[in-house]
1. What order do you get for GLU629, GLU273, GLU259 when you list them from fewest to most C-beta neighbours inside 10 Å?
2. Indicate the gyration tensor shape class of region 176-227 (rounded, prolate or oblate), computed on the Cα atoms with a ≥ b ≥ c the square roots of the eigenvalues: a/c under 1.5 is rounded; otherwise a/b larger than b/c is prolate and the rest oblate.
3. Mind checking which of TYR431, LEU417, THR388 is farthest towards the positive end of region 387-453's charge dipole, using Cβ charges of +1 (Lys, Arg) and -1 (Asp, Glu) about the Cα centre?
4. Quote the charge dipole size of region 15-114 about the Cα centre in Debye, to the nearest 20; the model charges only the Cβ of Lys and Arg (+1) and of Asp and Glu (-1).
5. Between ALA290 and ARG232, 0.36 nm times their residue separation minus their Cα-Cα distance comes to what?
6. Compute the distance in nm between two label points, each set 7 Å from the Cα along the Cα-to-Cβ direction, one at ASP262 and one at ARG412.
7. Just want the ordering: TYR431, TYR522, TYR261, TYR634, from fewest to most Cβ atoms lying within 10 Å of their own Cβ.
8. Using θ = phi - 60° and the Karplus curve 6.51 cos²θ - 1.76 cosθ + 1.60, what whole-Hz ³J(HN,Hα) does each residue of region 39-45 get, with Gly and Pro shown as x?
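A short reminder: the numbers here are calculations on the coordinates, not readings from a lab. No experiment lies behind these values; they were computed from the predicted model shown. All Cβ positions, glycine included, derive from the backbone under ideal geometry; neighbour counts span all protein chains shown.
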Amino acid sequence: MPEQKRETELKKADILIVGEDAAGLEPVGQILTQDYCVLSAHDGRQAFELLEEYSFRLILLDYSAPGGDRILSCLKENPEWSRIPVIVLTEDVTAETEKHIFAMGALDFIGKPYVPMTVKQRVERILELYGLRQEMESRLEEKTRMLERVSLNSIMAIASTIDAKDAYTSGHSMRVAKCASAIARQLGWDDEKVRNIQYIGLLHDIGKIGVPDSILNKPARLTAEEFSQIKRHPLLGAEILKDVRMIPGVADGARYHHERYDGGGYPYGLKGEEIPLCARIIALADTYDAMTSNRIYRARLPQKRVIAEFERCSGTQFDPQLCELFVGMLKQGFHLPQENRRRKEEAASGEKQRPERKMDREQERIAEENALLLNRVLSEYSRGKNETDSLTGLHNRSFGEARIDRLLAEERQGTFLLIDLDDFKRVNDMYGHLVGDRVLKVLASVLSGLSEERNEVCRLGGDEFVLFLPGTVEKENIKKIIGHVMEDFGQGLAGIGSREMTHLSVGVAQGPQDGSHFLQLYSNADKALYYVKKSGKNAYSFYREEQAQGTVRKPDTDLVHIRDLLEGRINRDTGAFKVPYEEFENLYAYLSRCVKRKGQQVQTLLFTLGDGEGYPQGGGNEDAMAALEVSVAYSLRMVDVGSRYSSLQYIVILVDTNLENGRMVAERVVNQFYKIYGGGQTQLSYDIQTMVVNGEA
């Protein structure tokens with residue numbers, strides 16, 4: 001097909017044909033040019049140039065041309081071009097080629113030789129589908145715009161409901177929203193982000209729905225108890241907004257807008273950039289409106305005084321960079337429309353207030369519906385109907401988070417244990433979800449036994465649980481608690497099938513050194529848990545101490561399991577206990593005979609290699625394990641025995657030895673290992689357990 005002359009003034013075309021064989025493509029062009037505006041390109045470069053200049057409705061791509069796959073791939077990677085449907089022209093019409101073409105993103109293919117009727121029908125069908133899609137997208141965009149308008153009206157109505165509770169701050173949420181959006185524009189945010197921060201500003205005080213009007217409108221100084229109720233509104237607001245997805249960060253704006261940059265705010269005492277950016281912006285706007293509005297206890301402050309206050313509080317109450325930017329805006333004349341003084345005077349004198357504007361009937365209806373909804377949410381929240389997890393009966397995340405924060409505020413310290421079920425998806429896949437639910441209930445039952453009056457146990461969701469111990473708890477006691485939880489959980493699993501279905505991994509964070517509120521402790525405990533998962537699971541790790549040293553300590557779960565096996569609590573023939581090393585078979589038989597001898601003390605040592613992520617450094621597993629085996633051989637007596645237990649573990653049996661001597665041998669092995677292997681990033685830890693003492697387990 002002869003190349004058509006490009007008409008530079010033409011910005012739209014129907015079809016682009018791409019192929020190297022001009023003579024081979026000419027029949028297709030002749031078939032289509034009668035009804036469509038068709039342009040052609042001989043290679044990918046020319047095709048992309050035309051795509052930059054024209055808006056096409058369809059692309060026909062000759063797949064036999066060199067680089068056909070690459071051209072199709074480039075089309076689908078480009079956000080604009082990927083929306084254009086592609087029909088592939090090909091001689092190879094096998095099922096394999098067809099599958100490949102569709103996988104690459106083509107909508108259809110036309111085989112050679114070209115049949116005019118087939119070409120026309122397939123092109124017409126694809127163009128019809130393309131037109132329908134464009135029409136649907138256009139309708140969807142219009143529906144989206146309508147939804148946004150309705151949503152905005154709802155947000156405005158909710159904001160009006162909030163402001164109406166406080167006679168002295170009417171219009172506050174609207175002004176905060178305007179101020180916050182002005183700051184966002186000064187930061188260079190795009191329109192969508194500016195609109196989002198505006199919505200956050202409108203709803204930042206929604207938690208005041210739960211504060212009695214008598215406190216909000218009290219003309220005298222608030223008591224400590226009344227002020228504590230005021231301080232509840234950020235948490236309550238976040239609870240109400242937690243499921244709002246259409247406004248990213250809206251719950252954060254409500255929760256954190258009273259935090260201070262120096263950590264002196266509430267409810268969590270966050271510092272610096274721990275406070276979300278949207279909340280730092282809202283804090284500025286909120287304070288600005290407070291200072292420039294008439295209040296019952298003082299008149300609004302003049303602009304110079306406002307600027308001086310912001311400069312004084314930069315870096316303490318406010319983000320210094322944001323504060324500097326906002327002060328610059330104020331010095332350049334930024335201000336919000338001031339309140340109607342007469343309206344304020346009427347409010348102060350008790351006279352009937354005249355509304356500044358009258359809401360239309362639709363807004364009034366929305367306001368009433370939202371007020372009813374918010375009151376219902378509030379009443380359920382206050383009565384505690386949403387406190388518990390329906391499956392386990394434990395507290396849910398929202399209630400647990402609030403209670404842990406209260407306990408931290410009272411005690412100033414506590415231990416946060418983040419407990420996770422290992423490979424829980426595999427449990428559901430292998431045994432079914434009913435068994436999975438029973439496993440979750442077993443863990444909940446074990447943890448419930450630890451839920452004393454001051455402790456907090458909650459299910460975060462899925463397979464994550466939290467045990468919080470307020471006050472000071474010694475590290476050794478924490479380890480014992482973890483060991484008891486793991487052992488009791490294993491026994492509970494044995495009652496419903498096999499204790500090998502799953503195990504527990506635990507990350508531990510301690511306040512205040514690892515965090516002073518729930519979110520910080522959760523984040524750091526999660527980091528400790530990550531190290532456990534990387535190190536083979538079924539273990540625990542302390543965030544600050546053991547993680548900093550690059551070690552992940554495993555409780556004596558393996559040794560307890562071996563003891564149960566040898567003493568007949570576990571049937572070895574069931575396949576629940578398997579070790580991949582043959583020499584353990586001989587060790588097993590030897591240890592069995594030792595256990596049966598009365599009056600003989602048997603100590604079992606389990607050495608574990610790790611670097612904080614579970615793998616030795618500077619030579620690999622085998623080099624480190626070889627060094628460990630030499631260290632064991634150097635340190636043991638002739639009557640003692642040892643064997644590999646796993647890829648990172650070595651088990652040692654000390655016959656007729658007490659616990660103290662067992663620890664001495666273990667320390668000797670560790671010291672010898674570091675002499676041979678040089679230490680480095682690889683750590684060697686051990687656990688010890690007395691298997692039989694005077695014939696008793």
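1. Least to most surrounded, the residues fall as GLU273, GLU629, GLU259.
2. Prolate.
3. Farthest towards the positive end: TYR431.
4. For region 15-114, the charge dipole is close to 240 debye.
5. 19.0 nm
6. Rounded to a tenth, the inter-label distance reads 1.9 nm.
7. TYR634, TYR431, TYR522, TYR261
8. Karplus-based 3J(HN,Hα) across region 39-45 equals 10, 10, 9, 8, 7, x, 4 Hz.
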